[in-house]
């Protein structure tokens, strides 16, 4: 399969990052969201991030302009008709993803590949509602996509070898290292990660330590680049909770249950960095507040 044009559905933190990485690799990118305004906002954020890299001398102005120029914003999935590969990067909600998959499938040309950046939802289920089940696959980029080297490729039961090979080649062209997971709850990375994040929250909930103590312990004692509570705030507490619930429901083991504190923070709308408050508080620039 010759992939030259990639559609990205969702212009937020993950979708915008994926669009940037794809454009940096030389792909033409069609970036869509629920409205033209949101898609344009996502592209503007990419341009702003790259502008800072120009100011620091990390990239040339002409390279930045060329990269941004390869991203075209649209307001509807109907504009994915010319895409060879579409990557859905919407909120981790199964009903939303099913609806978006139906819309993308209807708009895309025969033979095009439909992928999801889902971090826990069954690719086999998503593939099953399309007319192209053998061309459905998971591309789980790590957050943030421009910095993190890994893409977890998830094979649905229906995924063909040809689809897998084409998607792996595309991810590697984007400079990523790939791991492969069969379709199981949480796949590989989040099946390991999310129980750890929840356990850190349980420790906080039970008063075993403060957020700073828990995170410092993980960073200096386990050599993790970020503490589990800091990482949860970066991912988004709503996303962490959604993945924990999928693991708990689909595997049926209480070791995957989510802490009450995590549920309460999500219910309060304190979702982490994107809302300015989670386990920590953040200023308008996204920097953690001290004290």
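The values are calculated or read from the model by the stated rules, or taken from the named source; none is laboratory data. None of these values were measured; they are calculated from a predicted model. All Cβ positions, even for glycine, are placed from backbone atoms using ideal geometry, and neighbour counts span all protein chains on display.
Go through (1) free of Cβ contacts under 8 Å to residues at least 60 places away in the same chain; (2) buried (at least 18 other Cβ atoms within 10 Å of the Cβ); (3) over 22 Å from the mean Cα position of the chain (by Cα) and name the single condition residue 259 misses.
Unmet for residue 259, out of (1) free of Cβ contacts under 8 Å to residues at least 60 places away in the same chain; (2) buried (at least 18 other Cβ atoms within 10 Å of the Cβ); (3) over 22 Å from the mean Cα position of the chain (by Cα): (1).
Okay, residues lined up against (1) part of a loop (DSSP other than H, G, I, E, B); (2) at positive phi; (3) crowded, with 16+ Cβ neighbours inside 10 Å; (4) more than 17 Å from the chain's Cα centre (by Cα):
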| site | (1), (2), (3), (4) |
| --- | --- |
| 46 | no, no, yes, no |
| 52 | no, no, no, yes |
| 73 | no, no, yes, yes |
| 82 | yes, no, no, yes |
| 91 | yes, no, no, no |
| 100 | no, no, yes, no |
| 105 | no, no, yes, yes |
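Any residue at all in region 210-233 that is in contact with a strand residue (DSSP E or B) (Cβ under 7 Å, 6 or more places away or on another chain) and surrounded by 17 or more Cβ atoms within 10 Å (Cβ to Cβ)? Spell out the reasoning first.
Residues of region 210-233 that are in contact with a strand residue (DSSP E or B) (Cβ under 7 Å, 6 or more places away or on another chain), as a first pass: 232-233.
Adding the requirement that they be surrounded by 17 or more Cβ atoms within 10 Å (Cβ to Cβ) leaves 232-233.
Yes; the residues of region 210-233 include at least one that is in contact with a strand residue (DSSP E or B) (Cβ under 7 Å, 6 or more places away or on another chain) and surrounded by 17 or more Cβ atoms within 10 Å (Cβ to Cβ).
Would you point out which residue out of 17, 26, 7 is in a loop (DSSP other than H, G, I, E, B) and at pLDDT 95 or above? Break it down stepwise before answering.
Working: 17 fails: in a loop (DSSP other than H, G, I, E, B); 7 fails: in a loop (DSSP other than H, G, I, E, B).
Criteria check complete, one pass: 26.
Residue 155 - would you say it is over 22 Å from residue 8 (Cα atoms), touching a residue at least 24 places away in the same chain (Cβ under 8 Å) and either in the same structural domain as residue 87 (by TED's automatic domain parsing) or surrounded by 14 or more Cβ atoms within 10 Å (Cβ to Cβ) (or both)? Walk me through it before giving the result.
Details: over 22 Å from residue 8 (Cα atoms): no; touching a residue at least 24 places away in the same chain (Cβ under 8 Å): yes; either in the same structural domain as residue 87 (by TED's automatic domain parsing) or surrounded by 14 or more Cβ atoms within 10 Å (Cβ to Cβ) (or both): yes.
Against the criterion (over 22 Å from residue 8 (Cα atoms), touching a residue at least 24 places away in the same chain (Cβ under 8 Å) and either in the same structural domain as residue 87 (by TED's automatic domain parsing) or surrounded by 14 or more Cβ atoms within 10 Å (Cβ to Cβ) (or both)), residue 155 does not qualify.
Being part of a loop (DSSP other than H, G, I, E, B) and touching a strand residue (DSSP E or B) at 6+ places or on another chain (Cβ under 7 Å) narrows it down to one residue among 179, 130; which is it?
Working: 179 fails: part of a loop (DSSP other than H, G, I, E, B).
Result of the check over 179, 130: 130.
Only one of (1) surrounded by 14 or more Cβ atoms within 10 Å (Cβ to Cβ); (2) touching a strand residue (DSSP E or B) at 6+ places or on another chain (Cβ under 6 Å) fails for residue 149. Which number is that?
Every condition holds for residue 149 apart from (1).
I need the full set of residues from region 251-291 which are under 20 Å from residue 206 (Cα atoms) and not in a loop (DSSP other than H, G, I, E, B), in order please. Give the derivation first.
Initial filter on region 251-291 (under 20 Å from residue 206 (Cα atoms)): 254-268, 270, 278-280.
Across region 251-291, the qualifying residues are 254, 255, 256, 260, 261, 262, 263, 264, 265, 266, 267.
Tell me, which residue of region 239-256 that is free of Cβ contacts under 8 Å to residues at least 60 places away in the same chain and within 26 Å of residue 12 (Cα to Cα) is nearest to the chain's Cα centre (by Cα)?
Filtering first and then ranking leaves 240.
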